[in-house]
């Protein structure tokens, strides 16, 4: 048959069905609609599209990647594919579509973007993905978060004060804390991203000099538990004097048996909205 379905084209090109639909809707890949509204593709048009890509820079628009390591949902698989393809526009559209469905940013980050990134990290650790692919995916998500920020709708008109977002010491994984910053913005905080690999002493001085309402921290499983305990003790002392609340998340902090009294832990971004208020 010379007429192909969206699924067949996706299998031929090694991309997701969502990507094929975007190409079709943008006019990049020619298609026609059935009376029922379904996209259909002529084989010659798919061949022409593939030839055009091969005559370009030799890089397919979405690379064929290793299969997911777990049972990801369709939306999680789409997020994974978009990140590995560095399709920032696609990631922004995915988040926007989730919002149109009534999902909060916290829900989308927890249940779509987060699992996709976790699967990519597991693929890198197992050698199924290269470090370059992991970096491409991470940077695509970072770019998406920056693009989404102006679209954030505050759920409260009240100004809840300033929130600092950071990762301590030897922690370089700052995507989670960037997500936290967006969630806090939704909740009415004026967020400032301090970033990754920040010494606890520097944060303590910032708290003492210009106390924020909230200090949000994130730590992955790679973080050193003993260092986290020591850093939290330093920050808890400064926060108590400045009346700054400290909220922490990530598997690094979850692994600690206890945290100082001024510190509140959250297990997910959806839970964070309850902790931060």
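The values are calculated or read from the model by the stated rules, or taken from the named source; none is laboratory data. Note that the coordinates shown come from a computational prediction; the quantities given were computed from them, not determined experimentally. Cβ atoms come from the backbone with ideal geometry, glycine included; neighbour counts cover every protein chain shown.
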Leading residue by the ranking (nearest to the chain's Cα centre (by Cα)) among those in segment 232-269 that are exposed (fewer than 15 other Cβ atoms within 10 Å of the Cβ) and under 20 Å from residue 196 (Cβ atoms): 251
Which of the numbered conditions does residue 222 fail, given that it passes all the others? Conditions: (1) in contact (Cβ under 8 Å) with a residue 24 or more places away in the chain; (2) farther than 18 Å from residue 114 by Cβ. (2)
Taking residue 226 as the residue in question, decide whether it is at pLDDT below 95, surrounded by fewer than 23 Cβ atoms within 10 Å (Cβ to Cβ) and not assigned by TED's automatic domain parsing to the domain that holds residue 107. yes
Please go through segment 245-272 and give me each residue that is touching a strand residue (DSSP E or B) at 6+ places or on another chain (Cβ under 9 Å) and assigned to a helix (DSSP H, G or I), ordered by number. 252, 253, 254, 269, 271, 272
